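The values are calculated or read from the model by the stated rules, or taken from the named source; none is laboratory data. Since the model is a prediction, treat every value here as computed from it, not as a measurement. Quick reminder, even Gly has a Cβ in these numbers, built from the backbone with ideal geometry, and neighbours come from all protein chains shown.
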Amino acid sequence: MANAILLFLATDDGLALLSDPAGQRRWRRSMHQFQRSIVQSVWVDASKPLVVLVIADRLLYRSVDGGQTWATLNAGDLLTPNARLYAAPRHPSLVYLLSGDVLFTSDDAGAAWRRTSLANESGGFAIDDDARLYRSCGAQILTSDDRGETWHVYSPPLPGTIRILNAMPGQPGTLCALADGCVYVVERASWRPIGDLPGKALACTALTGTPPTLLAALTEGGIIRGTPDAWEPVIVECPWTGATTILKPARHHIDTSFAVSTTGDVAISMDRGRSWTMVCQGLATVRDLVSARLV
C-alpha cells in the first residue's frame, strides 16, 4: 500500500475505504466499517493518513491504524445530525468539528478537544491558509482570528442564505460562497456574484492555482469551471445523468478533485475539472469524502 491513494467515503451505510495502490486509477474497495450506520463526516490527518476521525450515528470515533480499530471520543451530548469535521489547509493536525451551536477544536489530530459555545447555529464553514475561521449564519458571514473564541461580521449580508463556504487557496481573506444557487466571491466589506453561470449551482469548490480554479455543479447536471472573475462557456459532462451533490479537492494533489452524484456514484478529475472518470458506483448516499496519500 506504500504510495497508495486512499479515499474515505462517509455514507448512509458506513465508512467505505477505496485505494489506488499505484496511482493508476485502478480503484478497489479495501474496507467497509460502521455498516448500517450513518457516517456523517470523515477527516484524515494529511501528514499521518492512518489517523482518521469519523462521525457515525452522531458519535465521534478515532482510529490510529487506518480504520482497523476505533475508539469512541466523548463529546458530551450526541452530536447534531448535520455535525461535520473540517480540515485546516496548512495545519494537517488541526481539525474542527461543528455541531449546531458548538465548535470543537483539536490541535493534535483529535486526541484532545476544546469546546466553544457559539451564539447561533452555522451554515457554511471554512478555514483559510492563515487558519482564520469563517462561518455563515443565514446570509451573514462571521470570522474569527482566535480559533472560534470571538466572532465579528466579515462582510455585508449576501442576497440569499449561504449553504457553502470555501476559502480561496492561496488568497487568505477571500471566500467563495454558494447562496440560493449563485456563486459569490467575498472579500472584507464586499461581495460580488460571478456572472454568466448557466443555471443554478448545487455545490461549488475552489482548487489551488494562480488564479484559483472554481468548480460549480449545476442542478440540471454537469460541472462548470471558472475563475473568481468568470465562468468558462463549456459545461463539462459527468459520468452520470442528474445532479452532482459534492465537489471536493483532493488533499494529495492540487490538480485532482472528486465529485459525487445523487445516486452514490463517485468520480475523479485529475485535470482540474476538465474531465471526469468513474471511481465507483451505487454506494449508499455519500455525505462526505476525503483523500490522502499513504507513503
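Of these, Ala126, Ala131, Ala83, which one is over 23 Å from Val186 (Cα atoms), within 18 Å of the chain's Cα centre (by Cα) and not charged (D, E, K, R)? Walk me through it before giving the result.
Values: Ala126 fails: over 23 Å from Val186 (Cα atoms); Ala131 fails: over 23 Å from Val186 (Cα atoms).
Among Ala126, Ala131, Ala83, only Ala83 is over 23 Å from Val186 (Cα atoms), within 18 Å of the chain's Cα centre (by Cα) and not charged (D, E, K, R).
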Tally of residues being assigned to a strand (DSSP E or B), within 19 Å of Ser117 (Cβ to Cβ) and without any contact (Cβ under 8 Å) to a residue 40 or more places away in the chain across segment 73-105: 4
Cross-chain or 6+ apart pairs with Cβ under 6 Å, segment 222-238 first and charged (D, E, K, R), then in a strand (DSSP E or B) and surrounded by fewer than 18 Cβ atoms within 10 Å (Cβ to Cβ): Arg225/Glu232
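Listed here are the residues, each with its yes/no results for (1) in a loop (DSSP other than H, G, I, E, B); (2) among the basic types (Lys, Arg); (3) in contact with a helix residue (DSSP H, G or I) (Cβ under 6 Å, 6 or more places away or on another chain); (4) free of Cβ contacts under 8 Å to residues at least 40 places away in the same chain.
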| residue | (1), (2), (3), (4) |
| --- | --- |
| Ile254 | yes, no, no, no |
| Ile268 | no, no, no, no |
| Gly273 | yes, no, no, no |
| Met278 | no, no, no, yes |
| Val290 | no, no, no, no |
| Arg293 | no, yes, no, no |
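Being modelled with pLDDT of 95 or more, surrounded by 15 or more Cβ atoms within 10 Å (Cβ to Cβ) and either in contact with a Cys (Cβ under 7 Å, 6 or more places away or on another chain) or not in a loop (DSSP other than H, G, I, E, B) (or both): is that true of Leu247 here? It would help to see each step written out before you state the result.
Details: modelled with pLDDT of 95 or more: yes; surrounded by 15 or more Cβ atoms within 10 Å (Cβ to Cβ): yes; either in contact with a Cys (Cβ under 7 Å, 6 or more places away or on another chain) or not in a loop (DSSP other than H, G, I, E, B) (or both): yes.
So Leu247 fits the description; yes.
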Residue satisfying all of: in segment 26-49; at pLDDT below 95 and within 14 Å of His252 (Cα to Cα); nearest to the chain's Cα centre (by Cα) among these: Ala46
Residue under evaluation Ile5, criteria (1) modelled with pLDDT of 95 or more; (2) assigned to a strand (DSSP E or B), criterion not met: (1)
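Here are some residues: Arg84, Arg62. Which one is among the basic types (Lys, Arg), farther than 14 Å from Ala292 by Cβ, surrounded by 17 or more Cβ atoms within 10 Å (Cβ to Cβ) and out of contact with any Ser or Thr (no Cβ under 7 Å at 6 or more places or on another chain)?
Details: Arg84 fails: out of contact with any Ser or Thr (no Cβ under 7 Å at 6 or more places or on another chain).
After ruling out the rest, the residue left standing is Arg62.
Kindly indicate the residue of segment 1-25 that is among the small types (Gly, Ala, Ser) and in contact with a Lys or Arg (Cβ under 8 Å, 6 or more places away or on another chain) and also nearest to His253 (Cα to Cα) among those meeting that condition.
If we take residues in segment 1-25 being among the small types (Gly, Ala, Ser) and in contact with a Lys or Arg (Cβ under 8 Å, 6 or more places away or on another chain), then Ala4 is nearest to His253 (Cα to Cα).
With the requirement that a residue be among the charged types (D, E, K, R) and either surrounded by 21 or more Cβ atoms within 10 Å (Cβ to Cβ) or in a strand (DSSP E or B) (or both), what does segment 46-59 give you?
From segment 46-59, those among the charged types (D, E, K, R) are 48, 57-58; that's our starting set.
If the condition is that a residue be among the charged types (D, E, K, R) and either surrounded by 21 or more Cβ atoms within 10 Å (Cβ to Cβ) or in a strand (DSSP E or B) (or both), then no residue fits.
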Residue satisfying condition, being under 20 Å from Arg272 (Cα atoms) and either of a type in the set (Ser, Thr, Tyr) or in contact with a Gly (Cβ under 7 Å, 6 or more places away or on another chain) (or both), within set Leu215, Leu202, Leu207, Leu178: Leu215
Inter-residue pairs, beta-carbon under 8 Å, first under 16 Å from Asp145 (Cβ atoms) and in segment 166-193, second of a type in the set (Phe, Trp, Tyr) and not in a loop (DSSP other than H, G, I, E, B), 6+ apart: Ala167/Tyr134; Leu175/Tyr134
